[in-house]
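First the structure, in the form of structure tokens, and then the observations on it.
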Amino acid sequence: MKAIFSSIVLLLCLLINNSCKTNELGPGNYTGQEITPEQRMTLLAECTAKYTSLQNEDTAQARQQLIAWLKTRPEFIASGYDDESQNAWAIFTDGRFVMFVDNRPQAPFEDRSGRIAFENEQITAPASSGARETELPDTKKVLLFSGMGSAFIDTPPELERIFAIAKTGYQIKKERASIDNLKGVGAETAVFYLSTHGGRIKPKDKLSIDGEDFPDALIGFWTTDSCTAANEAKYKNDLDKKRLGYMVAKYNEPTRGNPIKEAHYVITQDFVNTYMSFGKNALIYLDACNSYMLDEGGDVWAGAFINKAQEKKATYIGWSKRVLDKDAYRSAKFLFDRLLGADYTSNNPNLGIPKETPSQRPFDIDAVMTNMIQKGFAISTVEGETAVLHHASTVGPDTHASLKPSIAYMEIDELASKLTIYGIFGTDPGDAKREVTVNETKVTVNEWKSDKITCTIPVSGNGAAGEVIVKAYDQKSNSVPLTEWYIPFTWSETGKFYSRTVDVVLHLRADVHRYRNAPGETPKPIESPDVIPSHPFAKDSKATYKAGGSCSYTCPCNPGQFGVSNKVIGSPEINIPYSVDASSATNKFFAIYGWDKDRKVLTVFASGSNFDGYKNQEVSGGCTEGGTTTENTPLPLAFVISESLNEITLELPFANTEAFDFRIKKGERSMETIALEHCACQDKSEAPIKLSWKDTEARFAPTAKTAARLASAN
């Protein structure tokens, strides 16, 4: 009764006061008329009831009826409809405002199960991890806010699962989108996500109340706080300064097909400016209708968030118009899945996201957004109007925001024992906040750039090969194997009396996995511009040489000389030095390799000559007077590992790369024979040459789990 009486008194005051205008919006100044909390609660309840009564009407007709009804209410000095945001609005006589939003069509009832009861969770903010100089977010705190009731899909729990699957170093917290929780968003925030309702007021004419101009465009986003008299008192200052406003929209759906409209508070850009802040390079995602409108209103709202990030460096994501609830949900899952490389899809076929085969590594925001457009996850059509998911970034002109380091591929330089890793890494965070490991062994970082890291690694032993992981602060990259082979060759030359053998072991290290340059692409091998061998094998490659066999012979002497009897004994096993540099390969052996374009076939070339082998010779008698003598003379050697003596290379295909079998299968080649003079003054004979090699297993070869791109893959 008291509320009705107050409304009547207010109406009389408005009719008597000369400064009052009609509730049609027109240019000019208005004298604000105070509305008590009780009056406002009564009016909001009536607005909610009226709006609810129209929910079964044709959409266009319902809007007209609502606005017509608003214009009959003396508590409002202006009301209207925003064509872009497609919501009705009204302005109270005291300058506060209310929006009427019905712009997020619901997903089917059966797709909204499994909601998390926030009330049962303890809300504690994790400690800040400190500032970081990188394109990665400045801190570790991830806040997943939900402003939606049971009438809508609960997105944060699914996003939390994606972060968990990706095994990030972030600290995840789900929050209710309450006013107090939103006020607590501080500079330790790395990722801010809010699923809620959004609306806008954009009067066509200028409006001033008590000499204060009403904003040209005022955007509001729904909180979980209901409008009550107690909250009116608690948030009076924020409401008066338009940091908060009111919105009537759907919230809960206690029975199927009967969603309930409620009056809640909304936050505005001034709320963000006053209370909220974010870490450097933060990712801010407002998953709401009209959260990034393509006129000046959208820039105001996006700018409010970006300007509150440390050094004003952040990435903002939002929808240009109204969005379907299921589209908003699936787009959020797709974006975070591709940013984190989680490769997650839900069990619900209606709301799942496509799974890449093979799974893929994390990508930056620009690459992910491009892929979302290609796959149709960046649009949503409601009543013939298409909303587009947009993003804006101030991280830097030459950098892209990302959530995890990401390895694309690697190359090895055996001359310098250097491993170069290509991918997405951000600027150098410094020695204390970065790490590269090879098979869980930390290696020395020589250079760190946003797209390339160079490390010194040992030739053999711990850290020489295995899974490579880049870590920036607490965020680990995907895992990519540096694979290795020890390939055993035997080169043998066998004559009638004598044989020579060279056993060679070539140590090969390489990245042979397939990778993507962009999300959604078919994985491809690392490009090899020329199949001709040009890369040296590892420095611990080795070869041994041994000559064997014997023969006895007597050479006739010239007239007047004695006869001579000789015996060849052979030589001991000798290690042949290896050179990785062809220019210094004299008296050493030299070996290089190359690839076919798909890195399925290895091409090998190795050669050596002039080794210090020996021919041991006993001489009895002689052509001159004297006794028995023994002398050691060099037994020169030249060997080549190639297809034949007339070919440059030997091709070694992997067993089956499609089945992740990178084994080199055993084989042999019969090469041309050469003429050998086994014993002095004996006839020369043909010495056939054979090249053979054994089965060679690949250590740390790519596997199906390697393709999952996760550091945790085993």
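Every read-out reported here was derived from the displayed coordinates using simple, explicitly stated rules and does not represent laboratory data. Everything quoted here is computed from the prediction, not taken from an experiment. Cβ atoms come from the backbone with ideal geometry, glycine included; neighbour counts cover every protein chain shown.
Sorting check: for 324-331, 283-290, 452-459, which peptide has the highest mean count of neighbouring beta carbons within 10 Å, and how do the rest follow?
Numbers: 324-331: 23.2, 283-290: 27.6, 452-459: 18.0.
Highest mean packing first, the order is 283-290, 324-331, 452-459.
Please give the FRET efficiency for Asn587 paired with Glu658, using the beta carbon to beta carbon distance and R0 = 45 Å, rounded to the nearest 0.05.
Values: r = 43 Å, r/R0 = 0.96.
For R0 = 45 Å, the calculated efficiency reads 0.55.
Show which aspartates and glutamates lie in cross-link reach of Lys140 when reach means a straight Cα distance below 12 angstrom and same-chain residues fewer than eight apart are skipped.
Glu188, Asp474
Report the local net charge at Glu658: Lys and Arg +1, Asp and Glu -1, summed over other residues whose C-beta lies under 12 Å from its C-beta. Mind showing how you got there, number by number?
Working: positive: Arg514, Lys600; negative: Asp598, Asp661.
For residues surrounding Glu658, the net value is 0.
Can you figure out the FRET efficiency of Lys496 with Lys355, using R₀ = 60 Å and their beta-carbon distance, to the nearest 0.05?
Result of the calculation: an efficiency of 0.35.
Run the reach check for Lys50 against lysines, Cα to Cα strictly under 19 Å, same-chain hits fewer than 8 apart removed. What comes back?
Answer for Lys50, where 19 Å is the Cα cut-off: Lys71, Lys250, Lys261, listed by chain and number.
Work out, step by step, the length gained on full extension between Lys452 and Asp180: first 0.36 nm times the residue separation, then minus their alpha carbon distance; give nm to one decimal. List each step's numbers first, then the result.
Numbers: separation 272, 0.36 × 272 = 97.92 nm, distance 4.30 nm.
Here the segment from Lys452 to Asp180 would lengthen by 93.6 nm.
Structure shown: which of Lys326/Lys404; Lys542/Lys600; Lys546/Lys600 lie over 32 Å apart, alpha-carbon to alpha-carbon? Walk me through the intermediate numbers first.
Values: Lys326/Lys404 27 Å; Lys542/Lys600 25 Å; Lys546/Lys600 34 Å.
As for pairs spanning more than 32 Å Cα to Cα, those are Lys546/Lys600.
Would you please state which residues of segment 498-533 a label at Gln374 would reach in this model, taking the label point 7 Å out along Cα→Cβ and a backbone N cut-off of under 20 Å?
Once the point is set 7 Å along Cα→Cβ of Gln374, 514-527 turn out to lie under 20 Å by backbone N, inside segment 498-533.
Excluding Phe97 itself, what net charge comes from residues whose Cβ is under 11 Å from its Cβ, given Lys and Arg +1 and Asp and Glu -1?
On the way: positive: Arg96, Arg200, Lys242; negative: Asp94.
For residues surrounding Phe97, the net value is +2.
Could you give the nm distance between label points at Thr386 and Ser528, where each point is 7 Å from its Cα heading toward the beta carbon?
My value for the distance between the label points is 4.4 nm.
Mind ordering 151-160, 337-346, 69-78 by average Cβ neighbours within 10 Å, highest first?
Numbers: 151-160: 22.4, 337-346: 23.9, 69-78: 19.9.
The densest-packed peptide leads the list: 337-346, 151-160, 69-78.
In terms of Cα to Cα distance under 16 Å, which lysines are near enough to Lys206, apart from those fewer than 8 places away along the same chain?
Straight-distance partners of Lys206: Lys21.
Compute the FRET efficiency between Ser670 and Val459 as 1/(1 + (r/R0)^6), taking r as their Cβ-Cβ distance and R0 = 35 Å, and round to the nearest 0.05. All intermediate terms of the calculation are to be shown ahead of the outcome.
On the way: r = 34 Å, r/R0 = 0.96.
The pair Ser670/Val459 has a calculated efficiency of 0.55.
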